[in-house]
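**Q** Submitted below is the structure of interest, expressed as structure tokens.
The values are calculated or read from the model by the stated rules, or taken from the named source; none is laboratory data. Since the structure is predicted, the reported quantities are computational estimates derived from the model, not experimental observations. Every residue, glycine among them, receives a Cβ derived from its backbone with ideal geometry; neighbour counts consider all protein chains shown.
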Amino acid sequence: MTINNNIQPAIWIHRSRDAMGDTDRVKSIIPEQYDFYFKIFLPIIFENESSGQSRKVKYEELANLAKTPFDESFCLHSIPDFISPFLTSSAIEDYGALEKIISILDAETPVIFHGVGEENAPKAFADPWIIEDELSKLSEVTKALNENTKMELVHFPNYIFPLDKNWCLGNLIPQSNLFLLGCDATVAQELRNQQEIEVIELLAEDKYFEFPRN
């Protein structure tokens, strides 16, 4: 795995996305050139303090429990305070979701992993970077990014895309527990047909994230 700080192959994303607009819109993260867009939720765990048991729970189930619409902008910040203390994430479940994403997008696809640089990540990832490899390496790259963390995954590549740019997977909001995907009809149908990861279909103009209210 070779980390390169010449990010020229990823510049097209930053030039094509609406970086000057509202940061909670799909097109502010993923370039507005795809036929379909999806929000992909990473797994979330509900812990029952009374029983000491935990289980994976669907975001839609949490929305129903909170009597909150499960719509395009639903995210972790949409979950009310009386529920959120019982929620956590699991690295094992997150890696499982990543493997499902890999299988949908084709593990052997040559891709570019790109990060914009993060604090508290290993030194090699502190500045903008790219890694050129097969999509099958996503879990390995994520593991390297989280070398300094312990119980859960905190860091992910900010962008992943194939050389032909037929799809683009993006995540610019740290610890948001979600990715955005721009894709074609074939990938869109694969996402609709599967049951293992939770998704919401979006438009480029949609508000996909709800920032905490001050």
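**Q** Within segment 8-30, which residues are within 19 Å of residue 207 (Cβ to Cβ), surrounded by fewer than 20 Cβ atoms within 10 Å (Cβ to Cβ) and not aliphatic (A, V, I, L, M)?
**A** Keep residues of segment 8-30 that are within 19 Å of residue 207 (Cβ to Cβ), which gives 17-30.
Filter once more, keeping what is surrounded by fewer than 20 Cβ atoms within 10 Å (Cβ to Cβ): 18-24.
Correct list: 18, 21, 22, 23, 24.
**Q** Quick one: in segment 62-86, which of the residues that are of a type in the set (S, T, N, Q) and part of a loop (DSSP other than H, G, I, E, B) is farthest from residue 209 (Cα to Cα)? Walk me through how you get there before you give the answer.
**A** Pass one, segment 62-86, residues of a type in the set (S, T, N, Q): 64, 68, 73, 78, 84.
Retained after the next criterion (residues that are part of a loop (DSSP other than H, G, I, E, B)): 68, 73.
Values: 68: 14, 73: 5 Å.
It comes out as 68.
**Q** Considering (1) assigned to a loop (DSSP other than H, G, I, E, B); (2) touching a His at 6+ places or on another chain (Cβ under 8 Å); (3) aliphatic (A, V, I, L, M); (4) modelled with pLDDT of 95 or more, say which one residue 30 fails and leave the rest.
**A** Evaluating residue 30 over (1) assigned to a loop (DSSP other than H, G, I, E, B); (2) touching a His at 6+ places or on another chain (Cβ under 8 Å); (3) aliphatic (A, V, I, L, M); (4) modelled with pLDDT of 95 or more leaves (2) as the failure.
**Q** Could you tell me which of the residues 62, 98 is under 21 Å from residue 149 (Cα atoms), in contact (Cβ under 8 Å) with a residue 12 or more places away in the chain and crowded, with 16+ Cβ neighbours inside 10 Å? Can you show your working first?
**A** Numbers: 62 fails: under 21 Å from residue 149 (Cα atoms).
Answer to the check: 98.
**Q** Give me a count of the residues in segment 31-49 that are farther than 18 Å from residue 166 by Cβ, crowded, with 16+ Cβ neighbours inside 10 Å and out of contact with any Ser or Thr (no Cβ under 8 Å at 6 or more places or on another chain).
**A** 2
**Q** Another question about this same structure. Please determine, by comparing only the residues of segment 162-214 that are among the aromatic types (Phe, Trp, Tyr) and in a loop (DSSP other than H, G, I, E, B), which one is surrounded by the most Cβ atoms within 10 Å (Cβ to Cβ).
**A** First, pick out the residues of segment 162-214 that are among the aromatic types (Phe, Trp, Tyr): 167, 179, 208-209, 211.
Right, trim to in a loop (DSSP other than H, G, I, E, B) and you get 167, 208-209, 211.
Values: 167: 23, 208: 27, 209: 25, 211: 11.
Per the criteria, the residue is 208.
**Q** While we're on this one: Being more than 23 Å from residue 172 (Cα to Cα) and modelled with pLDDT of 85 or more is the requirement here; does residue 68 meet it? Step through it out loud before you land on a result.
**A** Values: more than 23 Å from residue 172 (Cα to Cα): yes; modelled with pLDDT of 85 or more: yes.
Against the criterion (more than 23 Å from residue 172 (Cα to Cα) and modelled with pLDDT of 85 or more), residue 68 qualifies.
**Q** So, in segment 166-200, how many residues would count as being more than 23 Å from residue 57 (Cα to Cα) and of a type in the set (Asp, Glu)? Quick ask: steps written out before the conclusion?
**A** Step one: list which residues in segment 166-200 are more than 23 Å from residue 57 (Cα to Cα), which gives 166-170, 172, 182-189.
Next, only the ones that are of a type in the set (Asp, Glu) stay: 184.
Final tally of qualifying residues: 1.
**Q** Turning to a different aspect of this structure: How about segment 85-104: which of its residues are closer than 17 Å to residue 162 by Cα and touching a helix residue (DSSP H, G or I) at 6+ places or on another chain (Cβ under 6 Å)?
**A** 98, 102, 104
**Q** Got at least one residue in segment 126-135 being touching a residue at least 12 places away in the same chain (Cβ under 8 Å) and under 16 Å from the mean Cα position of the chain (by Cα)?
**A** First pass over segment 126-135, keeping only residues touching a residue at least 12 places away in the same chain (Cβ under 8 Å): 127-135.
The next check asks that each one be under 16 Å from the mean Cα position of the chain (by Cα); those that pass are 135.
Yes, the conditions are met somewhere in segment 126-135.
**Q** Taking segment 103-137 on its own, how many of its residues are in contact with a strand residue (DSSP E or B) (Cβ under 7 Å, 6 or more places away or on another chain) and aliphatic (A, V, I, L, M)?
**A** Residues that pass the stated criteria total 6.
**Q** May I pose another question? Looking at (1) of a type in the set (Gly, Ala, Ser); (2) part of a strand (DSSP E or B); (3) closer than 20 Å to residue 112 by Cα, can you tell me which one residue 10 breaks?
**A** Only one criterion is unmet by residue 10, namely (2).
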